[in-house]
Structure formats: C-alpha cells, structure tokens
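Inspection log for the structure reproduced underneath, given as structure tokens.
Each value in this text was obtained by applying a stated rule to the coordinates, not by laboratory testing. These numbers were taken from a predicted model, which means no experiment stands behind them. Cβ coordinates were reconstructed from backbone atoms using ideal geometry, including for glycine residues, and neighbour counts include every protein chain displayed.
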Amino acid sequence: MSTETAASPRSSVSTHILDTSIGRPAEGVAITLAARAGSGAAWETLGGSSTDADGRCKDLPALPEGTTHVRLDFETEAYFLKFDDKQADAQQDAPANRDSGPQDVFFPEVAITFAVKPGEHYHVPLLLNPFGYSVYRGS
C-alpha cells in the first residue's frame, strides 16, 4: 500500500497593468511575487518579472503548495520617471504640474495582497495613473 497522497492542486497568479492616464499598457514595470502559508506566517519572495509591451507579466513563479496569501509588489517609480511632465500634461487637469515637481512620483510602488485557494487561477490587473490606482480579480 502506498503512503503517498495526491498533492493538492496549486494556485497560479498572473497580472497586467494598464496606464489609464494614457490608455495604454504599462511596459517595463518590475513585479515581485511573494507568498505565505497563513496570515501569521512570514512572506517568502518567490521571484519576479517585468511587464511586456502589452503590459502583461506572463512568467511569474508558481505558488508553493499551502499558499494562502499572495503579495504582488509593482515598482512603479521607474515607470513614471520615464515620462517626466509629458504624461501628466496629457491628463485633463494635469495635477502633476500643480502638486509636484518633475521628479516626484506619488506612488513609487504599489503592493497588492490577496487570499488564494488551492487550484484556482488569480488574474489581478492593475489600473494605474500618476495619482491613483485600482485592482480587481480578473479572469
């Protein structure tokens, strides 16, 4: 009689970023994936990747068995600094010209934490602009 048990199905994560201030994908944003098994457990950094020309990050590491919480860290500062004031000028009210200098970034990083269940896929898009962001569970 075998003592092996069937492994529980693993969860998986994908993401993409749309820069809503210009209506285009956000290319070249570094993303780090971390996971933990239980709300009191320590975070384990699993690795990361960067968004491609379509704003997608298709090669995030697999989640370990037993993962209950996932954190995606988006390094947005370098992305916004590429645009200087031109991106803010494209916005209707151009708040960057009122509120900050050309090298100031309001959201230098965005960290999203969410719960996962075994065997499910989680697509978590980030809608980003210089002064706001939102996320949702996609499909």
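See the values below:
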item	result
Cleavage-rule hits (trypsin sites (Lys or Arg not before Pro)) in the stretch 21-60: DSSP loop, at most 15 neighbouring Cβ within 10 angstrom	Lys58
Cβ-defined net charge surrounding Thr32, 11 Å radius [Lys, Arg +1; Asp, Glu -1]	-2
Under the Karplus curve 6.51 cos²θ - 1.76 cosθ + 1.60, θ = phi - 60°, whole-Hz ³J(HN,Hα) for the stretch 130-138, x wherever Gly or Pro sits	x, 10, x, 7, 8, 9, 7, 8, x
3J(HN,Hα) from dihedral phi, the stretch 36-52, Karplus parametrisation 6.51/-1.76/1.60, rounded to Hz, x for glycine, proline	8, 10, x, 5, x, 6, 6, 6, 10, 6, 9, x, x, 6, 9, 6, 8
